[in-house]
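Working notes for the structure below.
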Amino acid sequence: MALIGAPTIGLLLFYVWPFVNLIVEAVDIESTRETLGRERTRSIIWFTTWQAVASTLSTLVVGLAPAWVIARFEFTGRRFLSSLLTAVFVLPTVVMGAAFLALLPDSLDRTVWGVIGAHVVFNLAVVVRTVGAVWEHLPTDMEAAASTLGASPFVVFKEITLPLIRPALTAAAAIVFLFTFTSFGVIRVLGAPGTRTIEVEVWRRATQLGQVDQAAVLALLQLGVLAAVAVWSSVAARRHSRALELRPLSRPQRPRTKAERRAIPLIAGVTAVVAVAPLAALVISSVSSPTGWTLSGWTGLDSAEIRPGINVGVDPVAALTNSVQTAAWATAFATIIGGLASLGIAAAGRAGRVLDAGLMLPVGTSAVTVGFGMLITFDRSPFDWRATWWIVPVGHALVAVPFVVRTTLSVLRSVDNDLSAAAATLGASPTRAWREVVVPHLWRPLAVGSALAAAISLGEFGATSFLSRSGGETLPIAIEQLLGRTGSLLQTKGYALSVVLAAVTIALVMVVDRTGDVAGARRREGNDGRR
Amino acid sequence: MITVHRTIAALAASAIVLASCGSDGNDAATADTVAADVVDADGPITLVTYESFPTEETPINDQLAAFTAETGIEVEILVAGDTGTMLSKAELTAGNPEGDVMWGIDNSFLTRAISSEIFEPYTADGLDAIDDQFTALVPNGEATPVDFGDVCINYDIGALEGLGIEPPASLDDLTDPTYADLLVVQNPATSSPGLAFLIATIDEYGADGWQDYWSSLVDNGVSVTDGWTDAYYGEFTYAGGDRPLVVSYGSSPPFEVLFGEGLTEAPTGVVESTCFRQVEFAGVLAGTDQPEAARQLIDFMISEPFQAEVPLNLFVFPSNTDVELDQAFQDFAVIPDSSRSVEPDVVDANREEWIDEWTDLVIG
């Protein structure tokens, strides 16, 4: 019972209640009318939508080639390229914004084109992984047959491949759309002051203008759109899904034709450059000044002074410490709650499924909404928790728990039930059987989940924008503040912090990727063995 | 390896602690990392302020140290962004504030601060020495007037001479192509001088005319920063930037004389007709754990020794009429004869609408 109970209480207390409170308390007819009646609100909704659509379509178009190459062909650096794209995808949003700020020429800085570019590079991994996963399993004989019958490669793609990968494309599109529709960190860093998504406007109204009610109306509006897209995507997925004989993974092939030998390295190379260039620009900017190379961004990280005695109110080193501590607690919370939840979900039937879906909700709604709800809910005694040290880690944990659950649950479900039965037959008590059979499998997914949770916490920006207090800034908050300044030294420090954050995140993801693959390979071996 | 039972028990226990963690008591050991938030009746008190308030190494900080020596109360300075941001944060944390005393809410934001009850009313000791026209703004001790100044267009005399152009003489001039791409202002949503300047333009052009004026400023290449610090130290030519016109204070020129070595004349000037009178207030933040210490700090901050340091460190004039101004201030500071001011009620009724309209107009 504790297995299901604790995560459920946590979810109800820290997510459901704040969320309901946000709607009930803040939203009324008057504020709704005022918010929706404002012309600017309509233009923000329009902007949010079109930039998300543009970003999504661009990501799909750009991502198809690398998805094809990685799914179908074996070449040197294939795994590295795939890991690289994943690492880029998991980069904190403010770091991605910073990287593009560093990369783009001044004329493109603070423009919507820069934002869309960042969105595309950011989300390439979604297309490559989601579409690639189907693509690599597609039987090649239909394509071969079409080719033999004289179809050009384009016609083969359009008539055969595209319909087959379409469900995966739809799924990828839905994910990219949700991410870019709620874009916050990238826009805060990279967008002009007037470039505002609904998410940014929620933050601005609540924290800059003190208009909590109008911010809540916008948050709700955004949620409506997100829900609609989620429903559309699941309906679309069902409608387009077709029975396919997916072959067990046929190993990717070395490029054979001359065209392939030319195209594959080109596509792979360009993809790698696209993924690495922003990161390289970030590093270069952290050691550049208008007058030449400098290390002062790094050596001066202990202060953020504008002139002696006057500082911007963020201390880069303190932000680093805050982030590490916050991430440590968030990881602990997420791992404990996520671990318990996984065990509970695996054990319980329907209640487990409800909890599973419930824990996913904080990811589905936006991080800004999570932080906003918590801030205006936990403001009255005895629930006045705004100043507690754990409120930020709890906010982060809410976002991270689903990732712990997903990694752990998949392993738990793959544990062979026969083994438990065998242990029981041999006289082991249920706990003993569980301990000997299940527990040994738990550590690895929990470690992977923890690493993911740490990466998520380190980069979390939306909820933290609401929950962190002056003096308690985390790295992403400090980076945004420093990069928003005109002084070149402050910006250099912002880039230096971004490099630190990027390096830590990438290291965590690389570890996860390795471990995950090992675990995956084990599972596959196990399945094959049984068959 | 720990047994399963104990593992589960430990996990469940931590989860329950997590879910029910309401008291700060048991967490004190882990909470020392966020010292400012810890409830500790005898600890330092926290002065929340805007970012142009110096945090160390200036005479104003020496005065705070003197306060500590005298009372045993330590003061920590917490920079919370620009006035608008600082106020919004205070509203969102009302009742459980980020500090004990706040310095720097100005008259254009004051009514908002009062209606959202971020301050605990307090009538300071020594209020008699404060200029009556300021205390009249807060008849019931809603906050305490601590300084005043005029927000005006400042210009860099040398830079304009270098360009071969005369300083502007009025708000109108700023839309003249002669001054294209030369002006930097602050965002009124986040910055108090920014809001003051916006109100000055509304005072000049009226409720229906200021929008056209700002459109002309935009066409003329006005630059916008979030705060005064960024505008003055980041973009103003005299501080190393590339724009010789900036929204700043009437007291900025003497500041430059005092800190520019060997200067006998002010290197910057003030366009008097653009000035808007700004009064700043401090207050005890409602919900402080140390109201008594907080009140003592307020008393101290309007006393002569502290007020005497206000001009040279904060660019503004002391609200305490007993303070004698430094010679440089008497010579170079500008207190315009007729500074603009707008009724607080009018500002209060329209502030958000103005800011929204301005935002749409200027930064899109």
- [ ] Filter the range A:141-158 for residues that are in a loop (DSSP other than H, G, I, E, B) and surrounded by 14 or more Cβ atoms within 10 Å (Cβ to Cβ) and give the result.
- [x] A:A151
Task: Check on B:G287, within 14 Å of chain A (Cβ to nearest Cβ), in contact (Cβ under 8 Å) with a residue 12 or more places away in the chain and either touching a helix residue (DSSP H, G or I) at 6+ places or on another chain (Cβ under 6 Å) or buried (at least 17 other Cβ atoms within 10 Å of the Cβ) (or both) - done: yes
Task: Residue that is under 22 Å from B:S52 (Cα atoms) and among the basic types (K, R), where the choices are B:R277, B:R295 - done: B:R277
Task: Residues that are touching a strand residue (DSSP E or B) at 6+ places or on another chain (Cβ under 6 Å) and among the aliphatic types (A, V, I, L, M), drawn from the range B:323-355 - done: B:V334
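Among the residues of the range A:288-314, which ones are without any contact (Cβ under 8 Å) to a residue 24 or more places away in the chain and either within 28 Å of the chain's Cα centre (by Cα) or in a loop (DSSP other than H, G, I, E, B) (or both)?
A:T291, A:L295, A:D302, A:S303, A:P308, A:G309
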Task: For A:V312: the one exception among (1) more than 28 Å from A:A206 (Cα to Cα); (2) within 14 Å of another protein chain (Cβ to nearest Cβ) - done: (1)
Task: Among residues of the range A:17-40, those that are within 13 Å of chain B (Cβ to nearest Cβ) and either surrounded by fewer than 16 Cβ atoms within 10 Å (Cβ to Cβ) or of a type outside the set (S, T, Y) (or both), counted - done: 7
Open item on the list: What's the total number of residues in the range B:224-254 that are within 14 Å of chain A (Cβ to nearest Cβ) and in contact with a Leu (Cβ under 7 Å, 6 or more places away or on another chain)?
Closed with: 1
Open item on the list: So B:A282 passes all but one of these: (1) of a type in the set (A, V, I, L, M, F, W, C); (2) surrounded by 15 or more Cβ atoms within 10 Å (Cβ to Cβ); (3) out of contact with any strand residue (DSSP E or B) (no Cβ under 6 Å at 6 or more places or on another chain). Which condition number does it fail?
Closed with: (3)
Open item on the list: I need the full set of residues from the range A:41-78 which are closer than 23 Å to A:V509 by Cα and without any contact (Cβ under 8 Å) to a residue 40 or more places away in the chain, in order please.
Closed with: A:T76
- [ ] Identify, from the list B:E91, B:E56, the residue that is touching a residue at least 24 places away in the same chain (Cβ under 8 Å), within 12 Å of chain A (Cβ to nearest Cβ) and surrounded by fewer than 21 Cβ atoms within 10 Å (Cβ to Cβ).
- [x] B:E91
TODO: Go over the candidates B:Q296, B:Q327 one by one and state the one that is closer than 24 Å to B:P145 by Cα, of a type in the set (S, T, N, Q), outside the structural domain of B:Y238 (by TED's automatic domain parsing) and modelled with pLDDT under 85.
DONE: B:Q327
TODO: Can you confirm whether the range A:355-373 contains a residue that is more than 10 Å from chain B (Cβ to nearest Cβ), more than 24 Å from the chain's Cα centre (by Cα) and hydroxyl-bearing (S, T, Y)?
DONE: no
Open item on the list: With the structure loaded, tell me whether A:T161 is part of a helix (DSSP H, G or I), closer than 24 Å to A:Q51 by Cβ and of a type in the set (S, T, N, Q) or whether it fails that test.
Closed with: no
Open item on the list: Residues that are within 30 Å of A:L359 (Cβ to Cβ), at least 3 per element: which helices (runs of 4 or more DSSP H) completely within the range A:1-99 meet that?
Closed with: A:2-11, A:17-21, A:39-72, A:78-90
TODO: Using the structure shown, decide if B:E272 is surrounded by fewer than 19 Cβ atoms within 10 Å (Cβ to Cβ), assigned to a strand (DSSP E or B) and out of contact with any helix residue (DSSP H, G or I) (no Cβ under 6 Å at 6 or more places or on another chain).
DONE: yes
- [ ] Sort out which residues of the range A:193-217 are more than 8 Å from chain B (Cβ to nearest Cβ) and over 24 Å from the mean Cα position of the chain (by Cα), and write them in order of number.
- [x] A:R205, A:D213, A:Q214, A:V217
Open item on the list: I need the full set of residues from the range B:95-153 which are more than 30 Å from B:A169 (Cβ to Cβ), surrounded by 24 or more Cβ atoms within 10 Å (Cβ to Cβ) and not aliphatic (A, V, I, L, M), in order please.
Closed with: B:P97, B:G99, B:D100, B:G104, B:F119, B:T144, B:P145
TODO: Please work out which residue is farthest from the other protein chains (Cβ to nearest Cβ), limiting yourself to the range B:164-221 and to residues that are exposed (fewer than 13 other Cβ atoms within 10 Å of the Cβ) and closer than 18 Å to B:E353 by Cβ.
DONE: B:G206
Open item on the list: With the requirement that a residue be more than 9 Å from chain A (Cβ to nearest Cβ), over 18 Å from A:I306 (Cβ atoms) and touching a residue at least 60 places away in the same chain (Cβ under 8 Å), what does the range B:71-85 give you?
Closed with: B:T71, B:I73, B:V75
Open item on the list: If I filter the range B:307-323 for residues that are buried (at least 17 other Cβ atoms within 10 Å of the Cβ), touching a Gly at 6+ places or on another chain (Cβ under 6 Å) and closer than 30 Å to B:E70 by Cβ, do I get at least one hit?
Closed with: yes
TODO: Quick one: in the range B:59-88, of everything that is charged (D, E, K, R) and at pLDDT 90 or above, which residue is surrounded by the fewest Cβ atoms within 10 Å (Cβ to Cβ)?
DONE: B:E70
Open item on the list: Can you list the helices (runs of 4 or more DSSP H) lying wholly within the range A:335-448 that have 1 or more residues being in contact with an Asp or Glu (Cβ under 6 Å, 6 or more places away or on another chain) and crowded, with 20+ Cβ neighbours inside 10 Å?
Closed with: A:367-377, A:391-414
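The values are calculated or read from the model by the stated rules, or taken from the named source; none is laboratory data. In this text, all values refer to a predicted model and were calculated from it rather than measured experimentally. Heads up, the Cβs are rebuilt from the backbone with ideal geometry, glycines too, and the neighbour counts pull from every protein chain shown.
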